[in-house]
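Student: First the structure, then my questions, so here it is.
The values are calculated or read from the model by the stated rules, or taken from the named source; none is laboratory data. These numbers were taken from a predicted model, which means no experiment stands behind them. Because the Cβ atoms are built from the backbone with ideal geometry, glycine has one as well, and the counts that use them run over all protein chains shown.
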Amino acid sequence: QWQGVIEEYRDRLPVSADTPVVTLGEGGTPLVAAQWLSEQTGCEVWLKVEGNNPTGSFKDRGMTVAISLAAQAGDKAVVCASTGNTSASAAAYAVRAGLVPLVLIPAGRIAKGKLAQAIVHGARLVTIDGGFDDCLRIVRELGKHYPVALVNSVNPVRLEGQKTAAFEVCDALGDAPDLHLLPVGNAGNIAAYWKGYQEYAKDKLASKTPQMWGFQAEGAAPIVRGAIVEKPDTAATAIRVGNPASWTLAEAARDESGGRIEMVTDEQILTAQRELAAREGVFVEPASAAGVAGLLHAKANGWLHGGSTVVITVTGHGLKDIDTALDHAKVDESPVTPADTDAVARVAGLA
Ligand SMILES: Cc1ncc(COP(=O)(O)O)c(/C=C/C(=O)C(=O)O)c1O
């Protein structure tokens, strides 16, 4: 039975023997062979399906560590700013530890599945008349003046937990891949993976480190443009961030790994989301498809060498944001059909 991130990688995490382990069995997510993407690119492509975590995104990896340490420290409340998945995860893990979750979210731009999670877990929800970056600025100030633990990815223990995904990739493949692709929003995850890959290579558990390729949405691409984006805008609301907290760490991951951070349009992201579901059977929320859009973009631009081993992290489950999926679905809404077998056979294209 998989014990969750802390028990599986205890000696690589900033926990001690008397840290209470607050877990929902996070981690140990599937590494799925992507046949269609492999055919399209001539590479060996794998998907690290992080939507399979307990609250539906990779955030659980960092939250189990952050909340366990907050419980050990005797904190009574935790606070975070979020585009949705961090708050969903913080709420679930906090209540398990008997802590009060206080979450700040940007008005109007949070996927309903994530909002539902924060609400049903009983988080204290504050909807800010502003963007994610405003929420983050405020929680940093709250952390300074009130007895609350800050559990955003500005808290390094979050990235410690998130680096375990790189360990799992190496454990599953027997080595690090040549390339690792993933979305970049607040930019903690690309930094976390890079840290994990470096640790495994140092300990000779991998023969190399991969190039880290991060992808931002064109309307929210501060790292690509080299400037803060005052009004970030993208349908991929999870990565609608104009001033990433881990900007410097993400650039270090890009440069030290010989990788790249590029941008893809919303059109490319939503097409990748649809293609991934229709061809590989993997349904992810829009932001999570940015790495897949990035792979197809890289292939079209000739950046991709055939035969490379490529891992793409798809970061959150598609059920988080069904509104966007349905808005852009190409499905022809079939009219309600009479409860008659012959009629169904005709509508279903069997007859
Ligand atoms: C599905 C999904 N995909 C990609 C990202 C980007 O990861 P980072 O580059 O490490 O920020 C997020 C991030 C979400 C939040 O930052 C939050 O929940 O506040 C996400 O939820």
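Student: May I ask you to say which residue of 276, 270 is surrounded by fewer than 24 Cβ atoms within 10 Å (Cβ to Cβ), out of contact with any Ser or Thr (no Cβ under 7 Å at 6 or more places or on another chain), hydrophobic (A, V, I, L, M, F, W, C) and touching a residue at least 12 places away in the same chain (Cβ under 8 Å)?
Tutor: On the way: 276 fails: surrounded by fewer than 24 Cβ atoms within 10 Å (Cβ to Cβ).
Of the residues listed, the single one that is surrounded by fewer than 24 Cβ atoms within 10 Å (Cβ to Cβ), out of contact with any Ser or Thr (no Cβ under 7 Å at 6 or more places or on another chain), hydrophobic (A, V, I, L, M, F, W, C) and touching a residue at least 12 places away in the same chain (Cβ under 8 Å) is 270.
Student: Six or more apart or on different chains, Cβ under 6 Å: which pairs go from a residue in the range 197-214 that's within 24 Å of residue 184 (Cα to Cα) to one that's acidic (Asp, Glu)? Could you list them?
Tutor: Note: pairs meeting the criteria are 210/178.
Student: Of all residues being away from the ligand (no atom under 13 Å from the Cβ) and of a type outside the set (Gly, Ala, Ser) in the range 225-246, which is nearest to residue 321 (Cα to Cα)? Just the residue, please.
Tutor: 233
Student: Here's something else I'd like to know. Could you pull out the residue among 179, 249 that is at pLDDT 95 or above, more than 12 Å from the ligand (Cβ to nearest atom) and hydrophobic (A, V, I, L, M, F, W, C)? Before you say what the answer is, go through the steps one by one.
Tutor: Details: 249 fails: more than 12 Å from the ligand (Cβ to nearest atom).
Sole residue among the options that is at pLDDT 95 or above, more than 12 Å from the ligand (Cβ to nearest atom) and hydrophobic (A, V, I, L, M, F, W, C): 179.
Student: Right, another one. Between a first residue in the range 80-100 that is more than 27 Å from residue 243 (Cα to Cα) and a second residue that is among the β-branched types (Val, Ile, Thr) and more than 9 Å from the ligand (Cβ to nearest atom), which pairs have beta carbons less than 6 Å apart while being 6 or more apart in sequence or on different chains?
Tutor: 96/22; 97/22; 97/67; 99/78
Student: Looking at the range 1-56 only, could you name the residues that are among the acidic types (Asp, Glu), closer than 30 Å to residue 279 by Cα and surrounded by fewer than 23 Cβ atoms within 10 Å (Cβ to Cβ)?
Tutor: Within the range 1-56, the first condition is being among the acidic types (Asp, Glu), and the residues that meet it are 7-8, 11, 18, 26, 39, 44, 50.
Checking which are closer than 30 Å to residue 279 by Cα leaves us with 26, 39, 44, 50.
Once the filter is applied, which keeps residues that are among the acidic types (Asp, Glu), closer than 30 Å to residue 279 by Cα and surrounded by fewer than 23 Cβ atoms within 10 Å (Cβ to Cβ), the range 1-56 yields 39, 44.
Student: Also, quick follow-up: (1) in contact with a Phe, Trp or Tyr (Cβ under 6 Å, 6 or more places away or on another chain); (2) part of a helix (DSSP H, G or I): which one isn't true of residue 181, the others all being true?
Tutor: (2)
Student: Looking at 103, 95, 45, 32 in this structure, which one is more than 30 Å from residue 170 (Cβ to Cβ) and in a strand (DSSP E or B)? Break it down stepwise before answering.
Tutor: Values: 95 fails: in a strand (DSSP E or B); 45 fails: more than 30 Å from residue 170 (Cβ to Cβ); 32 fails: more than 30 Å from residue 170 (Cβ to Cβ).
Of the residues listed, the single one that is more than 30 Å from residue 170 (Cβ to Cβ) and in a strand (DSSP E or B) is 103.
Student: Could you say which residue among 167, 132 is in contact (Cβ under 8 Å) with a residue 60 or more places away in the chain, of a type outside the set (Asp, Glu) and either on the phi > 0 side of the Ramachandran plot or buried (at least 24 other Cβ atoms within 10 Å of the Cβ) (or both)?
Tutor: Values: 167 fails: either on the phi > 0 side of the Ramachandran plot or buried (at least 24 other Cβ atoms within 10 Å of the Cβ) (or both).
Matching residue, one of 167, 132: 132.
Student: Filter the range 107-123 for residues that are outside any helix (DSSP H, G or I) and in contact (Cβ under 8 Å) with a residue 40 or more places away in the chain and give the result. Steps first, please.
Tutor: Residues of the range 107-123 that are outside any helix (DSSP H, G or I), as a first pass: 107-111, 121-123.
Answer for the range 107-123, where residues must be outside any helix (DSSP H, G or I) and in contact (Cβ under 8 Å) with a residue 40 or more places away in the chain: 109, 110, 111.
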